[in-house]
1. Among 394-402, 97-105, how do they line up by average Cβ neighbours within 10 Å per residue, starting with the highest?
2. Name the residue farthest towards the positive end of the dipole of segment 192-304 from the options M289, T232, I218, assuming +1 on Cβ of Lys and Arg, -1 on Cβ of Asp and Glu, about the Cα centre.
3. Using a probe of 1.4 angstrom, how much of the accessible area of the chain is carbon and sulfur, in percent?
4. Quick one: if you stick a label point 7 Å off each Cα along the C-beta vector at D28 and D139, how many nm between them?
5. D194 label point, 7 Å along Cα→Cβ, cut-off 17 Å on backbone N: hits in segment 406-435?
6. Using mean Cβ contacts within 10 Å as the protection proxy, how do 373-381, 317-325 order, highest first?
7. Using r as the Cβ-Cβ distance of E179 and D211, and R0 as 45 Å, what FRET efficiency do you calculate, to the nearest 0.05?
8. Using the Karplus curve 6.51 cos²θ - 1.76 cosθ + 1.60 with θ = phi - 60°, work out ³J(HN,Hα) for each residue of segment 120-125 in order, rounded to whole Hz, and write x for Gly and Pro.
Amino acid sequence: PASVWPYLGAARTLSDLGHHNEALTLLDEAERNCGPAPELVSGRLDLLRQVGEWHRARSLAREAAAAAPHHFGLWMQRFRAELLLSGEEEVEACLDAAPAVSVGEIARLHHLRGQAAAERWRLDEAIAHYERALSLRPDDAWTLGDLVRARILTLDLVAARADLARQTRLTAASAVLQERSPNLSQTHLGQILDEFMLDREALAQLTALRDAPAEARIEPLCAIVRRFPDYTPAAMMLLIGLRLAGRLAPTPTDDSCPGAAIPRKVMQYWDGSDPPAEIAALMQSWRDMHPHYQFRLFDDGSAQAFLRENCSADTLRAYRRARERAQKADIFRLAYLFAEGGYYIDADDRCLAPLDTVVPQHVRLALYQEDYGTIGNNFIGAAPQHPVLGLALDLAVSAVNRGDNDILWFSTGPGLLTRALSRTIASSNLALPVWLRSLAILPRVELHRAMAMHCQVGYKNTERHWGQTAFAQRRKSAVKQNVGA
């Protein structure tokens, strides 16, 4: 009873099962029995961050790191909270205060400096830090994953493949135990890397622009997007180029706009009629912060009814044919927002502040940019009949009804939304500054101030979540045969 480790293991397991309040209560009991051990504080911070209590986690992490300034683990918890929510100066101050002494701690500090640089799109600087970290700890799969992503985005694809192969070897045993393929192509990073290699001519044109100044890349990248509209990497590079050139900075509010361009309503989706308590609590957080908004929660049946009444037969057919629950949700959010407008929020996202604190009133499309340069689709705000969402819906419906075998991230998820946005930007008859005036593509840290994304919930550890099935080895029948034998 005086050991912290069983408590921490039990709390993590409860959290994985979706019992977050019970997990935190268990840590309270552990503190009463074991005292305020740093490991328990760190475990509590992990849980708070996982369930989306990010502001609370940052406040507690700052207090804990100040009380134990030489404890690297508590400092690292503070850094992770600062990176989610804080500005560049606060993050740098945190890095400068790191109590790194051992080789392992110095390696991790370089890794985290790389993450901070990558968050601001200083990718060459990030790569240098990742390489320094790996020179000290060559077998760190976490650092290798971040390095592979940075190499892909700087188009150093040969090195990216070599590093991904190295990471895949390090994680092969756990992949097999979890019934995932140990093949490097059967990973999310591997799929993105393969997508870059898919069109050699388009890749050569992107590579030729790699060292050009950010502003000078934009028009040539638009031309590449127009010529290769289905090549997701071209779309990604255009959006990264716009970010680096400062073209995606927030525009001043248009005072002539009498009201919000995006309707004040929130739509969410859960395929079953009764969401689990943990999901219901996350959904309630949006209602609590937006008392004057209209809310609609759809399940599979009500989604099909909406599509039948408001959309084409092809759209309803694609929804029904979608092979994953998440793919159905992908299609439905596009169809609903194109027809009605408003905000779509994923069921595993927690509201931290009102939307109008981060979304300018005059914009007609509000999105955010992921660490791949892509557009996330777990948060979308749009005026009705927005052309980007219309194009995305058309592309998604066509892909599913054709029977395309791309993973849903490309066919109906962020990859699709990224292509639709970049194609619309590149092909618009409006001048680019005029078009961008009605668009908000938020950096992640800005959106994080209002929304905690991808909270840990129990269903993610089951086959209800696409991440558990996208790269799974379908070996259950073989296992049954072996048992029968």
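1. So the peptides 394-402, 97-105, ranked by packing, come out 394-402, 97-105.
2. I218
3. 51 percent
4. 4.1 nm
5. The answer is 406-413, 415-416, whose backbone nitrogens lie closer than 17 Å to the label point.
6. In decreasing order of mean packing, 373-381, 317-325 become 373-381, 317-325.
7. 0.55
8. Values, residue by residue: 9, 6, 8, 6, 5, 5 Hz.
The values are calculated or read from the model by the stated rules, or taken from the named source; none is laboratory data. Since we're looking at a predicted model, the values are computed, not measured. When we count neighbours, we look across all protein chains shown, and the Cβ atoms used for this are built from the backbone with ideal geometry, even at glycine. Note: accessible area is taken over every heavy atom of the protein model, side chains too, but ligands, DNA and RNA are not part of it. Shrake-Rupley method; radii C 1.70, N 1.55, O 1.52, S 1.80 Å.
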